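Trainee: Structure below; questions to follow.
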Amino acid sequence: MRLPQFNYTGPDTLEKALDLLSAHAQDAKILAGGTDLLVRMKKGLIAPKFLISLKALNELSYIKKDKNAIRIGARTCLADIIASDLVQKEATALSTACEKVGSATIQHFRGTIGGNILQDNRCFHYNQSAFHRSGRQACHKDGGKICYARDESDRCNSTCQSDGATALMALGAKLVLVSKANERTVALTDFYTTDGIMPFAMEPQELLKEIVIPVEGGKSSYQRLAYRSAIDYPIVCAGVLLKASAKKDTIDDARIVVGAMGRSPLFLNQESSSLKGKLFTDTAAFQKAADSSMNSAATFAVHNVGATLEYRCAMVSEMVFRALQEAAAAASKA
Amino acid sequence: MNELKELSIVGKRIPKLDAAKKAMGRAEYIQDIKLPGMVYGKILYSKYAHANIVKIDTSRAKALPGVLCILTGDDVPKKMKMGFYKDNPPLKKGKVCSFRDEVAAVAATTPEIAKKALDMIEIQYEELPGIFDPEKAMQPDSPLVHDYHKTNVLNLPWKLHYGDVEKAEKESAFVVEERFTTQWVTHCCLGTSGAIALFDSNNNLTIHTNTQIPSLAQKDFLESLKAMGIENKRVRVIKPIIGGGFGSKLDSYAYEHVAILLAHACRRPVKIQFDRVEEFKATSTRQPTIIYIKQGCDKNGKLTFRDMRMVLDNGAYTSWGATTPSVMMMPITSLYRVENVRYEAKCVYTNNTYSQAFRGYGNPQATFAIESTLDMLAEKAGIDRVQIRRLNRNQPGDVTPQGFKISSCGLSECIDAVEKEMVINGPKEKGIGYGIASLIHVGGGARIYKSDGCGAILKMDDYGKVDIFTGGTDMGQGMDNITAQIVAEELGLLVEDINVVHSDTDVCPWDVGAHASRSTFVAGNAALGAAKKVKAVILEEAAKTFGVSPDQIVMKARNIFVPGDAEKTMTIDKLLRKVHFSPQGKMLMADYFYDPDNENMGKDMKGNMSVTYAFGAHGVKVKVDEETGKVTVLDYVAAHDVGRAINPLLLEGQVYGGVLMGLGYALTEEVVVRDGKTMNANFRDYKLFTAKDAIKIKAPVVETYDEFGPFGAKGIGEPGCVPTAPAIANAVYDAVGVRITTLPITPEKVLAALMEKKKNH
Amino acid sequence: MTIINFKLNGDQIEYEIKDHWTLLHLLREEMGLIGTKEGCGNGECGACTVIVDKLAINSCLYLAVDADRKTIETIEGLASTDGKLHPLQQSFVDNGGIQCGFCSPGMIMSSKALLDSNPNASEEEVKHALAGNICRCTGYVQILESVEAAKKHMAGGGQS
């Protein structure tokens, strides 16, 4: 299976990369590991004229800690994140999430954290061969006006199945985006549009440079459900962060995020707040928050992943509950 | 048993003969073959499940530089039809009946140009209402898939009734009844399909193609040539090394016939190579089924009757999937002793994909229903699950209601072997369950076709080396080893002395194909027959040399000698030269055609289909996560009666591979088809197990020594995947008390059943 | 057109390539190294696995242009010049790790990348490393046994 033609550039400095991006913004795509982008190109879903490869951009590959944050360069390989003791200890959910991505050969050694966050939304009806899509009206994401996942929908309902993004949102991560003219930091929760066609609130000339994970002593967990152990996207996933109060026995702050349901990972504010002040041993409160998460996430459930809606909704509750329990266990041990 | 005495070569764990070549990346698959002047063919498929073709305009595509030839249904001779029902032309004309319908084909100088040309072919369709549910398609008001056929129900003879089922039901102490369904699954051969066709200057055809049936494919292609008006020409079928078979290559496919048409039209070698999406969408699946079953027993648990009815979604065309009932009948009439049996299957046209042979050939579907209901029956009758199987087990000397003569039978020993490794009825933790299921399968050929034979030609050179030309086909399963080991054993040589030539119809004799777990038995007996003929001559010559009678002479480890007489010994190659380079010298050659003494089924479906039958029992331990419904396999035992293991290493490989394939069938695999369209045509969405999901499988071998098998062996290619699904379903029931009747047993089905159960309690 | 330089199975190579070629295309279609297989083209099966700078990658999703200045190992480079198999190859042969053989080159390359970097890999680590290599014939049992046996052999100084 061959790729469509394109021109390749491999800038070796960030500056050069941003220049190129600025010049070709509309026709260019950033190539990091390529495990998402090249597949979409082979399927004819996109046909960029330029690929700007980050291969030579070693300056974007790092994991470091400063004061209260872990900073990860966007081009850092998932394998490096998995191998990092720092991430494992301070941002457990991310470590777990990266381990679950794809398989060793493809993702760990090639996939990058930036690419994982910026992987395009997926839909059972959209991520198909060109021929499959040719025999029907185009869907929103394919340039048309209909949605196969939800009848009568006026917009695209593809879902974000990124393991990394779900974990990072639970961890309260921020993204540093740079362009030739500007650099800005945006909370991951504010990074998404509500449209599956272009799910990221990002300008075409912008590049994801860095992921900043605040480290404030919380314990996190990531849980996902898939049909098999590798080469699989999550059917449902959940990331959770629990911070202990000064007395260590109660929850001072909680963040609950559900992935693979909506157009972006879903930060559930109300359910998160409900746990404030609760004991780490209060499984009834966890169950209540988990069930409420299910109800909140259920409004986003459409037929975009090959499993029934009833099942995915039920599993939201289960994944959130498991994540809460695991994080609570870790927090009480700490 | 005396017959199971230790042998020199047979019974040894000899690595697969072509493994080193494959390990070095030097094996040539169809993907790797390029011929001088070769061009590339591509096929355009239908955009609709059911539509009239109003107009096809190929003019723009034809004008594309590099395009050599474009064909549509109009260019296909009327009599060129595929499948055993001959209802499938390689390119469709007038109407398409499924998404995989081939509507046009292009030959071009590069694959890219061919693909581009396909995009430039303009077709105007008029969409018709499709029918996708076989039970609805049977209704009189259903749209017709083929108007000329008048009904969607195929005219096939799948019906039998032995004994008196109604009477037996009335007299039964316990009866269970259930509806089961099984899904589409596909072979997922790692090497995708492909063919290269070329005509020589005299219009003789050579075709390199991925096939499991060189001789029958040759016949199909000859018929195509005849339809094209090319008569009395030769067809040479060469099968390169193939990346897996599993039954997928038991029929000729449209792409092969299209390659022939294109090659003939543009006078160049034409290669059609499928990509993965095509492999998923345009090759055939395992036959899906809807099964209605009733089984009963007396108060002691002895089976009284079995009543089964099936509806098979035939898809839009008819390949071997529609004949799987002929093999489903085997477990239905003959798995365990049951005197009163009734079975009827209807194959129904729909606008879905059509099915093919797939490892087990209907047996896994039927066994799923039989073995699941057997557990239900045991529970109802209050009898231990293992006990009910022992009580009703087949035994040597049985003749089953369908007329199968059970020669050797190790079912009892297989159940013992499972119980030795696993306590099926022992105490267990919450969420843990055990399941058991048995199998019967053909183990000594299967007379589906008029001949079940295989030919072998053997020649020896002056250096003690053998070339054996066999009709048998190797597709990775090890037919080559089995042949070499049998010949080496018989002729007192080493395996490396034997060169097995196969899969080329110009040099190899006829064979019905690599199916029905028949290669070890049938190709093995053919090779053994040829070796025996040569051996007889060698012994006669040696007898003259040594001045003894032939029966005093032994051939072993490249030597020929009279035991106990140090004077009377020489190397085999020396003897061969002596025989050759003497006045009226001889070269040692022999041919042998082995056609097993089995029977075609009669009108009443009776007949001893196979010379011998393979048996087995599987035991499994699972853990069910009651919150997610996910089933995890913790332990697996697959015990098989193989007659005799010719090569335990390869035998285990067949069992392990079969079991994991069966586990996929049971738990994760399904071709998702929506309104006729395949929705998961890739390895990400079609859930094959990965190495991370792999489990340790114990594979105890029961050797019963079958008197008809080569050195006592029976077939083992398919059995591994036959009883896996019911074993799992039974274990899930044992673990959490829910009976899943539709495959695959996905987490969501288990969870839904658990919820339902909670509601009712 | 771009010219790349890379080391392939020990040999220094210069090759004129097109930007949109994958490494798989370069190896198979241009250089005729057929040992690396294409099973899916989308990184889902691992048949095309080769080693680039010591890491096993799917060559169907790796641009040829990115091979510039890299060290690449393919299945063709494993056996010694006298035809003696690499211990992993030999182990796959001896332990039934190969049936149809289509996944074998990729499977062996994934195994090699693992054992080169982690000679004492645990069973779980082996399964993890091979999780992207699909096999339909063996049920993985004899493949995992092959890697285990090779591991022991190589640890015992049996490097060829």
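Trainee: Of (1) under 30 Å from B:HIS761 (Cβ atoms); (2) more than 22 Å from the chain's Cα centre (by Cα); (3) surrounded by 23 or more Cβ atoms within 10 Å (Cβ to Cβ), B:ALA727 satisfies all except one. Which?
Mentor: Condition (2) is where B:ALA727 drops out.
Trainee: Now, a different point. Just checking, which of C:ILE51, C:ILE98 is among the β-branched types (Val, Ile, Thr), over 22 Å from A:SER229 (Cβ atoms), more than 7 Å from every other protein chain (Cβ to nearest Cβ) and not in a helix (DSSP H, G or I)?
Mentor: Result of the check over C:ILE51, C:ILE98: C:ILE51.
Trainee: Hey, can you tell me all the residues within the range B:730-761 that are within 31 Å of the chain's Cα centre (by Cα), aliphatic (A, V, I, L, M) and under 15 Å from B:LEU634 (Cα atoms)?
Mentor: B:ALA731, B:VAL732
Trainee: So, one more: Which one is surrounded by the fewest Cβ atoms within 10 Å (Cβ to Cβ) among residues in the range C:24-49 that are of a type in the set (A, V, I, L, M) and in contact with a Leu (Cβ under 7 Å, 6 or more places away or on another chain)?
Mentor: Checking each candidate, the answer is C:LEU33.
Trainee: Show me the helices (runs of 4 or more DSSP H) entirely contained within the range A:1-104 in which 1 or more residues are among the basic types (Lys, Arg).
Mentor: Where helices (runs of 4 or more DSSP H) fall fully within the range A:1-104 and carry at least 1 residues being among the basic types (Lys, Arg), they are A:14-24, A:37-42, A:85-90, A:92-100.
Trainee: How many of the residues making up the range A:245-284 are in a helix (DSSP H, G or I) and among the small types (Gly, Ala, Ser)?
Mentor: Count: 3.
Trainee: Check the range A:44-52 and report whether any residue there is within 14 Å of chain C (Cβ to nearest Cβ), touching a residue at least 60 places away in the same chain (Cβ under 8 Å), of a type outside the set (Ser, Thr, Tyr) and buried (at least 18 other Cβ atoms within 10 Å of the Cβ).
Mentor: Yes, the range A:44-52 has at least one match.
Trainee: On to the next question. Identify all residues within the range B:89-102 that are out of contact with any helix residue (DSSP H, G or I) (no Cβ under 7 Å at 6 or more places or on another chain), closer than 14 Å to B:TYR255 by Cβ and not in a loop (DSSP other than H, G, I, E, B); write none if there are none.
Mentor: none
Trainee: State all residues of the range B:558-585 that are part of a loop (DSSP other than H, G, I, E, B), surrounded by 14 or more Cβ atoms within 10 Å (Cβ to Cβ) and not hydrophobic (A, V, I, L, M, F, W, C); if no residue qualifies, say none.
Mentor: Within the range B:558-585, B:ARG558, B:LYS568 qualify.
Trainee: What pairs come out if I take residues in the range B:239-250 that are more than 8 Å from chain C (Cβ to nearest Cβ) and pair them with residues that are in a loop (DSSP other than H, G, I, E, B) and of a type in the set (Phe, Trp, Tyr) whose C-beta lies under 6 Å away, six or more apart or interchain?
Mentor: Between residues of the range B:239-250 that are more than 8 Å from chain C (Cβ to nearest Cβ) and residues that are in a loop (DSSP other than H, G, I, E, B) and of a type in the set (Phe, Trp, Tyr), the close pairs are B:GLY247/B:PHE358.
Trainee: Next up: What pairs come up if the first residue lies in the range A:310-334 and is within 18 Å of A:ALA93 (Cα to Cα) and more than 14 Å from chain B (Cβ to nearest Cβ), the second is buried (at least 18 other Cβ atoms within 10 Å of the Cβ) and among the charged types (D, E, K, R), and their beta carbons are under 8 Å apart, counting only those six or more places apart or on different chains?
Mentor: If the second residue must be buried (at least 18 other Cβ atoms within 10 Å of the Cβ) and among the charged types (D, E, K, R), the pairs left are A:ALA327/A:LYS219; A:ALA328/A:LYS219; A:ALA330/A:LYS219; A:ALA331/A:LYS219; A:ALA331/A:LYS243; A:ALA334/A:LYS219.
Trainee: Right, here's the next one. Identify the single condition in (1) within 30 Å of B:PRO129 (Cα to Cα); (2) among the acidic types (Asp, Glu); (3) in contact with a Gly (Cβ under 7 Å, 6 or more places away or on another chain) that B:ASP313 does not satisfy, given that it satisfies every other one.
Mentor: (3)
Trainee: Now, a different point. Identify all residues within the range B:563-581 that are touching a helix residue (DSSP H, G or I) at 6+ places or on another chain (Cβ under 9 Å) and free of Cβ contacts under 8 Å to residues at least 24 places away in the same chain; write none if there are none.
Mentor: B:PRO563, B:ASP565, B:GLU567, B:LYS568, B:THR569
Trainee: In the range A:85-121, what count of residues is obtained for those that are charged (D, E, K, R) and within 14 Å of C:GLU44 (Cβ to Cβ)?
Mentor: Counting residues in the range A:85-121 that are charged (D, E, K, R) and within 14 Å of C:GLU44 (Cβ to Cβ) gives 1.
Trainee: Kindly indicate whether any position in the range C:106-117 is more than 9 Å from every other protein chain (Cβ to nearest Cβ), among the acidic types (Asp, Glu) and farther than 28 Å from B:TYR29 by Cα.
Mentor: Yes.
Trainee: May I pose another question? Tell me which of these B:ASN425 doesn't satisfy, since it passes every other one: (1) under 28 Å from B:LEU634 (Cβ atoms); (2) modelled with pLDDT of 95 or more; (3) outside any helix (DSSP H, G or I); (4) not hydrophobic (A, V, I, L, M, F, W, C).
Mentor: All conditions are met except number (2).
Trainee: Between a residue in the range A:99-113 that is modelled with pLDDT of 90 or more and any residue that is surrounded by fewer than 24 Cβ atoms within 10 Å (Cβ to Cβ) and in a helix (DSSP H, G or I), which pairs come within a Cβ distance under 7 Å, given they are 6 or more apart or on different chains?
Mentor: Final answer for the pair search is A:GLU99/A:ILE82.
Trainee: For the range B:68-82, how many residues meet the condition of being farther than 18 Å from B:ILE272 by Cα and buried (at least 20 other Cβ atoms within 10 Å of the Cβ)?
Mentor: Total meeting the criteria: 1.
Trainee: If you don't mind, there's one more thing I want to ask. Could you list, in sequence order, the residues of the range C:54-87 that are facing chain B (nearest Cβ under 8 Å) and either in contact with a helix residue (DSSP H, G or I) (Cβ under 8 Å, 6 or more places away or on another chain) or surrounded by 21 or more Cβ atoms within 10 Å (Cβ to Cβ) (or both)?
Mentor: C:THR74, C:ILE75, C:LEU78, C:ALA79, C:LEU85, listed by residue number.
Trainee: In addition: Could you say whether any residue in the range B:264-276 is over 25 Å from the mean Cα position of the chain (by Cα), touching a residue at least 40 places away in the same chain (Cβ under 8 Å) and closer than 25 Å to C:CYS40 by Cβ?
Mentor: yes
Trainee: Okay, next question. How many residues, within the range B:374-400, are touching a Lys or Arg at 6+ places or on another chain (Cβ under 6 Å) and buried (at least 21 other Cβ atoms within 10 Å of the Cβ)?
Mentor: Residues meeting the conditions: 2.
Trainee: Of these, B:GLY720, B:GLY709, B:GLY662, which one is buried (at least 24 other Cβ atoms within 10 Å of the Cβ), facing chain C (nearest Cβ under 9 Å) and modelled with pLDDT of 95 or more?
Mentor: From the options B:GLY720, B:GLY709, B:GLY662, the qualifying one is B:GLY720.
Trainee: Let me ask something additional. Has the range B:632-654 got at least one residue that is touching a Pro at 6+ places or on another chain (Cβ under 9 Å), away from chain C (no Cβ under 14 Å), at pLDDT below 95 and assigned to a loop (DSSP other than H, G, I, E, B)?
Mentor: No: zero hits.
Trainee: Next up: Could you check how many residues of the range B:379-407 are at pLDDT 95 or above and not in a helix (DSSP H, G or I)?
Mentor: Summing the residues that are at pLDDT 95 or above and not in a helix (DSSP H, G or I) in the range B:379-407 gives 18.
Trainee: Suppose we filter C:HIS20, C:HIS25 for residues that are in contact with a Phe, Trp or Tyr (Cβ under 7 Å, 6 or more places away or on another chain) and either within 14 Å of chain B (Cβ to nearest Cβ) or among the aromatic types (Phe, Trp, Tyr) (or both); which single one remains?
Mentor: C:HIS20
Trainee: Residues in the range C:127-146: is at least one free of Cβ contacts under 8 Å to residues at least 12 places away in the same chain, part of a helix (DSSP H, G or I) and among the acidic types (Asp, Glu)?
Mentor: Checked against the condition, which is being free of Cβ contacts under 8 Å to residues at least 12 places away in the same chain, part of a helix (DSSP H, G or I) and among the acidic types (Asp, Glu), the range C:127-146 yields no hits at all.
Trainee: Of all residues in the range B:257-289, which are assigned to a helix (DSSP H, G or I) and within 14 Å of chain C (Cβ to nearest Cβ)?
Mentor: B:ARG276, B:VAL277, B:GLU278, B:GLU279, B:PHE280, B:LYS281 - these are the residues of the range B:257-289 that are assigned to a helix (DSSP H, G or I) and within 14 Å of chain C (Cβ to nearest Cβ).
Trainee: Checking the structure you have, find out if any residue of the range A:188-207 is part of a strand (DSSP E or B) and over 30 Å from B:PRO747 (Cβ atoms).
Mentor: Yes, because at least one residue in the range A:188-207 is part of a strand (DSSP E or B) and over 30 Å from B:PRO747 (Cβ atoms).
The values are calculated or read from the model by the stated rules, or taken from the named source; none is laboratory data. Just so it is clear, the model here is predicted, and its values are computed rather than measured. Reconstructed Cβ throughout: ideal geometry from the backbone, glycine too, with neighbour counts over all protein chains shown.
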